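The structure appears below as C-alpha cells.
Read-outs: derived from the displayed coordinates by stated rules, not from any lab. Since the structure is predicted, the reported quantities are computational estimates derived from the model, not experimental observations. Note that we place each Cβ from the backbone using ideal geometry, even for glycine, and neighbour counts take in every protein chain shown.
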Amino acid sequence: MFLISYKLKHGKMKSLTNVFLVFVFAFWMISCSEGDLNEGPAQVAVKLQGTTQSQGNARINGQMEIKEAMFGVTKIELEREFDDESGSNGDESDASDGDNSSDDDFEIEVKGNFKVDLLNGTSNPDIPVISVDPGVFTEVKVDLSPILEGGYSVILKADYVDDNGVVHPLELMLDQMFEIKVGNHNGFAVDTEKLNQVLLLFNLESWFTDINLSNLMDEDGVIRIDIETDDATMTKVKINIDDNCKSGSDDDDDGEIDDD
C-alpha cells in the first residue's frame, strides 16, 4: 500500500513539474517575441508625389494642365529628432547595409539613381525600403542631379492657358544639382508595427508662383525655362520647388498626408 501511495504522489509531482516547465517556456517565448517586435528596426518607405491643386496664396496667371513631372533623385536623407540626453550625436550607425548608409545616429540616407514620376508617385528603379531605429523624424532632404533623359534634374511639361484663352506648351528643364529640404515641425513617428510610408507632396503649379510666363515665350509659342533662362528666374523656380512641398506620414497610401 505504501509503495502504491508513493508512486501516485511521485507521478502527480512529476506532472505538476512538467506543467510548470511548459508554462515557464511559453512565457519566455512570448517575452522574446514581444521584445523582438518592440526593439527591432522600423521599416520606412519614402514616396515623392506631385499635386496640381494650387495654394490659395499662389499668384499664377491663367491656368495649366500638367502633362509630365520628373525628378532625378540621387540621395534621400531622413533626419531624426535630436533626443540624446548627453548632447552628443553619437557614434556612426551601422544599422544600414548596401548603398544605404548613415552619417550618424540621427541621419539615415538612401543613395541611388532614381527617376521619379511625380504624377504617378512612382520611381524607376523603386526607392528601397530602409530599416531605421524607431523614433521621430523632423526633416527630409532630397538631392536632385541631372540623371534624367537629356541630362536634366527636373522636367515638367504642361499646357498653359493665358488670360486670352490661348494654349501654350510649357517646358521646365533644369540641369543643375540642388537640394530640397522639407521640414515637419511636429515630426512624424516611425515604429516597428507597420510599414511606415513617408510622403513628400509637391505642389507642381506653385513652382511658377510670381513668374511672368508670357515673358519666357519663344518665337515658336513654347514657354521655356531652361539653361538659357535668366539666373533670377531659375533661382526663383528652385526656391518655389523647395517652398511648396510638405512631408508627413501616409500609412494608408492614399496620396495624402495623414492627420496628426
- Item | Inter-site label distance for D191 and D230 at 7 Å from Cα along Cβ, in nm | 5.4 nm
- Item | Under-5 Å amide H pairs with D258, H placed in peptide plane, nonlocal only | S249, D250, D251
- Pairwise label distance in nanometres, E65 with V129, each label 7 Å out on the Cα-Cβ vector: 3.8 nm
- Message: Can you give the FRET efficiency to the nearest 0.05 for D252 and N164, using r as the Cβ-Cβ distance and R₀ = 51 Å?
- Response: 0.75
- Task: Net charge near A232: determine it from the other residues with C-beta under 12 Å of the C-beta of A232, scoring Lys and Arg +1 and Asp and Glu -1.
- Result: -1
- Note on the structure: Between the modelled labels at K75 and I239 (7 Å from Cα along Cα→Cβ) the distance in nm is 2.5 nm
